[in-house]
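For reference, the structure is listed below as structure tokens.
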Amino acid sequence: MEDSRSQIIRQKIFEWLSIKVKQYDDVLPYKELFEGFELDGQRIPLLGPKGIFKPAVIKYFPLSITTSPNSLYDDKIDEQYLHYRYRGKNPNHPDNVQLKEAIKHKVPLAYFHGIVKGKYLVHFPVYIEHADDANLVFRVSADTYSNIIWQKMNVSHAHDIVVDEVRREYVTREVVTRMHQRSFREKVLHAYREHCAFCRLKHPELLDAAHIIPDSSGGEPTVKNGISLCKIHHAAFDKNILGINDSYIIEVRKDILEEVDGPMLKYGLQNLHFKKMVLPTKTEYQPDRNFIRRRFEEFIKAS
Ligand SMILES: [Zn+2]
């Protein structure tokens, strides 16, 4: 069981983190996590150079597990669970042993999932559920902040283990879905340097990652199937008011071109006709031409 001083520090870190998560809408810059927060004049970082991290002020159990955005290993997120790789190949490395101990003591941890360089999707608490020495992988489940069980409370509260398990399964699935969505959004916006590909607006809070082939038609959440668009152009693209031909030229639907109205219609939509969309500089991030062609057929049908 964790000593009470370490547990109090862990609680304070989580309180601080819950404020930051709201402030940044779940995706925190590396700087915030690395600089951490101050407790009694001392700076406490929340992550370190290795994936499994414990700040010096906490005695034994790790505080966080981190997946680097350019990790060679896949800390794969499948449909049901989060998986986290052991440190190195030795199951008895102290970091691995401490995480295994955290299973028995139900120690709540924070999970930092690197999406793009310098940006981490944060979820806490997470719990290590199972350690698989043969495959060198931990199974991790997620829970809601309001349901953290601190060990002292365990003694007086008889918790319904089945209720906890069912809730955690549900929360974990939600976290997995959110990780996919956020990861798609951040990667697409990053590829377009946080600009709308149609009008160059560069306010991230007004930008979406639009699917070229929609989710519902089997479109994959990959950068090549995404375009960074402002809210209005995202909606216009989804409704086939705007289309993109296979030379990456924007076309405006005929009825919209003929309409007469105020400046929003004129500058926001009509003026885009036959303008070239902004493309990511890296060719591997540019929209897949097959997806663009398939999508353009829909636009033509709607015209
Ligand atoms: Zn726009």
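Values in this text are rule-based calculations from the coordinates and carry no lab data. Note that this is a predicted model, so its numbers are computed, not measured. Cβ: placed from backbone, ideal geometry, glycine included. Neighbour counts: every protein chain shown.
Overview of values
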read-out: Cα gyration tensor shape for region 258-303, rounded if a/c is under 1.5, else prolate or oblate; value: oblate
read-out: ³J(HN,Hα), Karplus 6.51/-1.76/1.60, whole Hz, each residue of region 175-191, x for Gly, Pro; value: 5, 4, 4, 5, 4, 4, 5, 5, 5, 4, 4, 5, 5, 5, 4, 5, 4
read-out: Listed residues T67, T144, T172, most fluctuating in the chain (Gaussian network, C-alpha, under 10 Å); value: T144
read-out: Sites F34 and S217, calculated FRET efficiency, Cβ-Cβ separation with R0 45 Å, nearest 0.05; value: 0.65
read-out: Between region 171-240 and region 91-151, the alpha-carbon center distance in angstrom; value: 29
read-out: Most fluctuating residue given options M277, M264, M179, as computed from a GNM of the chain linking Cα atoms under 10 Å; value: M264
read-out: Sparse-neighbourhood loop sites, trypsin sites (Lys or Arg not before Pro) in region 170-259 - DSSP loop, at most 13 other Cβ within 10 angstrom; value: R193, R200, K239
read-out: Neighbour cut-off at most 15 other Cβ (10 Å), DSSP loop, trypsin sites (Lys or Arg not before Pro), region 11-75; value: K50, K59
read-out: Degrees separating the helix 289-302 axis from the principal Cα axis of the chain, which is the longest one; value: 60
read-out: For V163, V188, V57, V126, order by how many other beta-carbon atoms lie within 10 Å, fewest first; value: V163, V57, V126, V188
read-out: Over the chain, relative contact order from alpha-carbon pairs under 8 Å, at least 6 apart, %; value: 12
read-out: Largest-first principal axis extents of the Cα set of the chain (Å); value: 72, 43, 37
read-out: Rounded to the nearest 20 debye, dipole of region 1-141 from Cβ charges on Lys, Arg, Asp, Glu; value: 280
read-out: Cβ-placed point charges (K, R +1; D, E -1), dipole of the chain about Cα centre in debye, nearest 20; value: 780
read-out: Most to least packed among 96-104, 280-288, 34-42 [average Cβ atoms within 10 Å]; value: 96-104, 280-288, 34-42
read-out: Eligible lysines near K104 by straight Cα distance, threshold 21 Å, same-chain separation 8 or greater; value: K54, K59, K152
read-out: GNM flexibility winner over the chain from Y120, Y86, Y145 (Cα, springs under 10 Å); value: Y145
read-out: Contact order relative to length of region 124-218, as percent, for alpha carbon pairs under 8 angstrom and 6 or more apart; value: 17
read-out: Relative contact order [Cα under 8 Å, 6+ residues apart], region 169-242, whole percent; value: 29
read-out: Using alpha-carbon coordinates, inclination of helix 94-104 to the longest axis of the chain, degrees; value: 80
read-out: Only Lys, Arg (+1) and Asp, Glu (-1) charged, at Cβ; region 246-303 dipole about Cα centre in debye; value: 220
read-out: Beta bridges per DSSP with both ends in the chain, % antiparallel, nearest 5; value: 90
read-out: Efficiency of FRET between Y60 and L136 - r from beta-carbon atoms, R0 25 angstrom, step 0.05; value: 0.70
